[in-house]
Amino acid sequence: MLFDLPILSTLILLPILGGVLVLFAGEKLCRPLSLGVAILTFILSIPLYTQFDVTTAAMQFGELYEWIPSFNIFYQLGVDGISMPLIILTTFTTVLVILSAWEVIKKKPQQYMAAFLIMEGIMVGVFCALDAILFYLFWEAMLIPMFLIIGIWGGPRRVYATIKFFLYTFLGSVLMLVALIYMSIQAEGSFSLLGFHTLPLSLNEQIFIFLAFLLAFAVKVPMWPVHTWLPDAHVEAPTGGSVILAAIMLKIGGYGFLRFSLPITPDASNELDWLIILMSLVAIVYIGFVALVQNDMKKLIAYSSIAHMGFATLGFFLVFRIIDNTGSWQEAALGMEGGMVQMISHGFISAAMFLCVGVIYDRMHTRNISDYGGVANTMPIFAAFMVFFSMANAGLPGTSGFVGEFMVILNSFKANFWIAFLAATTLILGAAYTLWMVKRVLFGAVANDQVSQLMDLNAREFVILGILAIAVLFFGLYPAPLTEVMHASVEHLLQHVSLQKY
Amino acid sequence: MINEPLIIETPDLALIMPELFLLAMTCLVLIVDLFTTEKSRVVTYLLAQVSLLGAAVITYQQLGPDTLYGFTDSFVRDTMADVLKMFIYVVTAIVFMYSRPYLIARQSFKGEYYTLGLFGVLGMMIMVSANSFLMVYLGLELLSLSLYSMIALNRDSAISTEVAMKYFVLGAIASGMLLYGMSMIYGITGSLNLTEIGAYLAANGVDNVILSFGLVFVVVGLAFKFGAVPFHMWVPDIYEGAQTPVALYIGAAPKIAAFAMTLRLLSEAMQPLQIDWQQMLIMLSVLSLAVGNIIAIAQANIKRMLAYSTISHVGFLLLGFIAAGPDGYSASMFYVIVYALMSTGAFGMIILLSRAGFEADTLEDFKGLNERSKWFAFMMLLIMFSMAGVPPTVGFFAKLWVLEAVVNVELTWLAIVAVIFSVIGAFYYIRIVKLMYFDKPVDETAIQADFDVRVVVSINGLMMLLMGLFPGALMSLCASLIN
């Protein structure tokens, strides 16, 4: 009975309606209610995995209704191996975010919880929309709750950060809208994404469309040089906001490259892949150095996110060089899957890192590394978790952080030695900035009185970090469940991009 | 010829039943108002609403697919006219509803506001149904004269009087321009009838200097009435100087009438001159988008800000005309209807927050609204995001359609210019959201608005969201009206 539900619509509507309900719930009731909604959504999203057919690249769990007939816009949903893991990541992370806010958020908890639940529904919508306008609707609607989350519950410079965040992403996406409209006219009024994939476009058209997409997705990922909103937004956002930003919203940019840029404009991607590779390498190397000198922990993790996402985009756009060098698209699958794994794994690790910072921020109300020192003496359990997640962030084998990076680096040797070389510097830089932070925050003598009075993790925090630690370890040791669901879709995509479109 | 019997055609009065009814009712309201006192003036208000309702019922009854002409073809009744009239009634009824408590609180609850308002509606109806230059002009003047006096109603306020004077002088110049242009075109074509002019131009070519001059003057007149840059100077002053209900009245329904007038003049009569007016409208549109959006950022008075926002919306609206085809006109129509609803909503919020002796017309007054009333802060949020064109509000679909229309005629660059300015525009809309949600309230008083205003503002705000989720019906309606 339960599984007769249109599962994707349920995953979109349940959290949104639950969020509206939470708005009207009392201060006491809002926490358990929103946790209930989030857990229910997560449970309902599990069949997406268990009933997923790994042998096909076609869209599954499809839904199609007429929405705006005069404009040929349909309410069309569906998932494949690329979007399905991201949806489960979303429903999973939201549960943790709701939990993490339990006692911490005292100001208007209903609105806070509601904002995250509504956000969840919208993000699921982004990942499964198969109509360009529906996608755009979700994509833009995402800005509204995030704008409020950062602005209401954020730090001292929250207003600056949130307006910067909003305008940056809005600017990025409006040009994409024009590109979508342009393509729908070429496609005789259809806004179907799958239709766009097979739409023949001349190289010139493709290049303009590619650039419009690039702006939208590069801002979201974010890629150097349009990354500057991210550190501000992360620093000012409340912990939950940072987690959602890092774990999911950034992935939406990467997802955009896979769903839009590569399949719709393969020839332009081929033509301009040097640009993305260059931007990714700058993100990996330069941003890695920038992360090294940060004194604010959240800023440091924000920069490390940019560097890690550089890996994902690098993995996606190495394809063309590898096809040129080896003559076979099968060879490129490793890099693209590596990028995907990197996105999922970064979702866990960055969420965990931000939650760790949240834990000590709630106690000390400072994020400056220099205000800490010797935290391991007073919070040993916390220190164990933080060291573990930092190792994962640095790409320690056995954690999920290693898998994606390794796959991308390995594959990039097939493209070009120097690309691989530069990408591999992250193994050093990543270790440098994360471990140095760990050293300064956790180890050494107790720095001041405040640190000496710190209380270790409570049960709630332990559960949150414990779940994430299990996930990081599991996918580090056994990534097959992840790679096997995406395999068919990735191969299909590679085969598609290896063909000329005009 | 001389011996031919003189035939006096009896005009088909059935054709103008809604107009006749409204005229009669307005006169009735005028007389009834004489016998009301300050306390019983609510009768005038109710009677005005009944007039609108009655006109709506009559219009609804005669709704039909066929196009009928009357009064020697200078009056036309088609589905588009009827539907636009319906929207004019609805928007005006909302405006009347918002204005009642505001006017009562300021001891300016006079019957004239409503009678002049109804005369204005009559003018708009004539504009919507006009099929000759003369009729266009009559409707326009009836509307404009009502507006001038509505502004001047607040006669003890120096600023209102000044603004009324300003509007009158500038409006008269614009009307003069329009009339001058019309006379030139009449000189060339020998007809005042829009259909005949279109036919004449199509048959005889458009290579004529005087014709071009005539077109320029007509477009200038239209641009002035819309408030398109560079003929926008009056808009911010009027919005700021007029009492809020009057500004609300000016900002909403007359735009729908101006749309219909422009549609009939440009797409029917001047269709053969399309290439020429397209160029002019492109300039007007780009300038309006730029000036409206950029200058709005600098405004501290929300009414002035909304004035500049109107200018930028006019820029978007004109995009549909630039596309010059059924698709574009439908897009413009959708835009103007959505705009009218957004604008009433925004002004409704100002009225909602105002009370006796206090005008909530600066941005400061919106500070911390979320602390004072979560619900109305959310309504304003929806209206602001709708104006900024952020989905899932209806403002997004309005923008989407006009953009689609211009991209469709291969003016993609224009769409890019428009979206970039809309990003600039987004700043001042989200600034209001910022004030409401992120700042501490300056003024802690509870909201004192009447029950009906609360309900209507809530419906108005929720409509932004509901129409955004289900825009299909209105979009199909607009598309079907322009066949």
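See the values below:
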| item | result |
| --- | --- |
| Test for B:L138: is it free of Cβ contacts under 8 Å to residues at least 40 places away in the same chain and either closer than 16 Å to B:F75 by Cβ or small (G, A, S) (or both) | yes |
| Filter pass, B:M463 being within 12 Å of another protein chain (Cβ to nearest Cβ), more than 30 Å from B:Q278 (Cα to Cα) and touching a residue at least 24 places away in the same chain (Cβ under 8 Å) | no |
| Some residue of region B:68-79 being under 30 Å from B:T244 (Cα atoms), in a helix (DSSP H, G or I) and touching a residue at least 12 places away in the same chain (Cβ under 8 Å) | no |
| Some residue of region A:177-189 being in contact with a Lys or Arg (Cβ under 7 Å, 6 or more places away or on another chain), among the β-branched types (V, I, T) and either within 12 Å of another protein chain (Cβ to nearest Cβ) or crowded, with 21+ Cβ neighbours inside 10 Å (or both) | no |
| Among (1) in contact (Cβ under 8 Å) with a residue 12 or more places away in the chain; (2) in a helix (DSSP H, G or I); (3) of a type outside the set (D, E, K, R) - the single one A:G155 does not satisfy | (2) |
| Where B:N370 falls short, out of the listed (1) within 14 Å of chain A (Cβ to nearest Cβ); (2) surrounded by fewer than 24 Cβ atoms within 10 Å (Cβ to Cβ); (3) over 23 Å from the mean Cα position of the chain (by Cα) | (2) |
| Qualifying residue in region A:160-168 (condition: away from every other protein chain (no Cβ under 12 Å) and assigned to a helix (DSSP H, G or I)) | no |
| Checking A:E140 against (1) among the charged types (D, E, K, R); (2) within 12 Å of chain B (Cβ to nearest Cβ); (3) more than 20 Å from A:F71 (Cβ to Cβ), the condition it does not meet | (3) |
| Scan of region A:358-393 for residues that are of a type in the set (K, R) and out of contact with any Lys or Arg (no Cβ under 9 Å at 6 or more places or on another chain), ordered by number | A:R363 |
| Of all residues making up region A:70-110, the number that are closer than 30 Å to A:L493 by Cα and either surrounded by fewer than 18 Cβ atoms within 10 Å (Cβ to Cβ) or of a type in the set (F, W, Y) (or both) | 5 |
| Residue within region B:468-478 that is more than 11 Å from chain A (Cβ to nearest Cβ) and not polar (S, T, N, Q) present | no |
| Single match in A:I16, A:I7, A:I46, A:I39 (criterion: within 16 Å of A:M119 (Cβ to Cβ) and of a type in the set (V, I, T)) | A:I16 |
| Helices (runs of 4 or more DSSP H) wholly inside region B:165-269 containing at least 3 residues that are more than 22 Å from B:D78 (Cα to Cα) | B:194-204, B:209-226, B:234-241, B:244-251 |
| Residues located in region B:430-457, provided they are facing another protein chain (nearest Cβ under 10 Å) and not aliphatic (A, V, I, L, M) | B:R431, B:K434, B:Y437, B:F438, B:D439 |
| Restricting region A:84-111 to residues that are within 15 Å of A:L23 (Cβ to Cβ) and touching a Leu at 6+ places or on another chain (Cβ under 9 Å), the residue that is farthest from the other protein chains (Cβ to nearest Cβ) | A:I98 |
| Given (1) buried (at least 17 other Cβ atoms within 10 Å of the Cβ); (2) in contact (Cβ under 8 Å) with a residue 24 or more places away in the chain; (3) of a type outside the set (A, V, I, L, M), index of the condition B:P230 fails | (1) |
| Residue in region A:241-261 that is more than 11 Å from chain B (Cβ to nearest Cβ), out of contact with any Gly (no Cβ under 6 Å at 6 or more places or on another chain), over 30 Å from A:Q111 (Cα atoms) and modelled with pLDDT under 85 present | no |
| Residues of region B:55-74 that turn out to be touching a helix residue (DSSP H, G or I) at 6+ places or on another chain (Cβ under 6 Å), among the small types (G, A, S) and either surrounded by fewer than 17 Cβ atoms within 10 Å (Cβ to Cβ) or over 19 Å from B:F21 (Cα atoms) (or both), as a count | 1 |
| Where a residue in region A:374-386 is surrounded by fewer than 21 Cβ atoms within 10 Å (Cβ to Cβ) and its partner, wherever it lies, is among the hydroxyl-bearing types (S, T, Y), with Cβ under 8 Å and at least six apart | A:N377/A:S452; A:T378/A:S452 |
| In region B:464-473, the residues that are of a type outside the set (G, A, S) and either surrounded by fewer than 20 Cβ atoms within 10 Å (Cβ to Cβ) or not in a helix (DSSP H, G or I) (or both) | B:L465, B:L466, B:L469, B:F470, B:P471 |
| Unique residue being buried (at least 17 other Cβ atoms within 10 Å of the Cβ) and touching a residue at least 60 places away in the same chain (Cβ under 8 Å) when the list is B:Y148, B:Y167 | B:Y167 |
| Subset of region B:291-305 (residues that are in contact with a helix residue (DSSP H, G or I) (Cβ under 6 Å, 6 or more places away or on another chain), in a helix (DSSP H, G or I) and buried (at least 19 other Cβ atoms within 10 Å of the Cβ)) | B:G292, B:N293, B:I295, B:A296, B:I302, B:K303, B:R304, B:M305 |
| Hey, B:V402 part of a loop (DSSP other than H, G, I, E, B) and within 14 Å of another protein chain (Cβ to nearest Cβ) or not | no |
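Conditions (1) of a type outside the set (D, E); (2) crowded, with 23+ Cβ neighbours inside 10 Å; (3) assigned to a helix (DSSP H, G or I), marked per residue:
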site: A:D273; (1), (2), (3): no, no, yes
site: A:I284; (1), (2), (3): yes, yes, yes
site: A:F289; (1), (2), (3): yes, no, yes
site: A:K299; (1), (2), (3): yes, no, yes
site: A:Y303; (1), (2), (3): yes, yes, yes
site: A:I306; (1), (2), (3): yes, yes, yes
site: A:M309; (1), (2), (3): yes, yes, yes
site: A:A312; (1), (2), (3): yes, yes, yes
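Results for (1) within 20 Å of the chain's Cα centre (by Cα); (2) closer than 19 Å to B:V455 by Cβ; (3) surrounded by fewer than 18 Cβ atoms within 10 Å (Cβ to Cβ), shown as yes or no for each residue.
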| position | (1), (2), (3) |
| --- | --- |
| B:L23 | no, no, yes |
| B:L84 | yes, no, no |
| B:V95 | yes, yes, no |
| B:R100 | no, yes, no |
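For every residue, the table says whether it meets (1) modelled with pLDDT under 85; (2) of a type in the set (S, T, Y); (3) in contact with a Leu (Cβ under 8 Å, 6 or more places away or on another chain); (4) surrounded by fewer than 18 Cβ atoms within 10 Å (Cβ to Cβ).
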{"site": "A:F389", "(1), (2), (3), (4)": "no, no, yes, no"}
{"site": "A:T425", "(1), (2), (3), (4)": "no, yes, no, yes"}
{"site": "A:V446", "(1), (2), (3), (4)": "yes, no, no, yes"}
{"site": "A:L465", "(1), (2), (3), (4)": "no, no, yes, no"}
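The values are calculated or read from the model by the stated rules, or taken from the named source; none is laboratory data. Computed from a prediction, not measured in an experiment: that's the story for all the values here. Methodologically, a virtual Cβ is constructed for each residue, glycine included, from the backbone with ideal geometry; neighbour enumeration extends over all protein chains shown.
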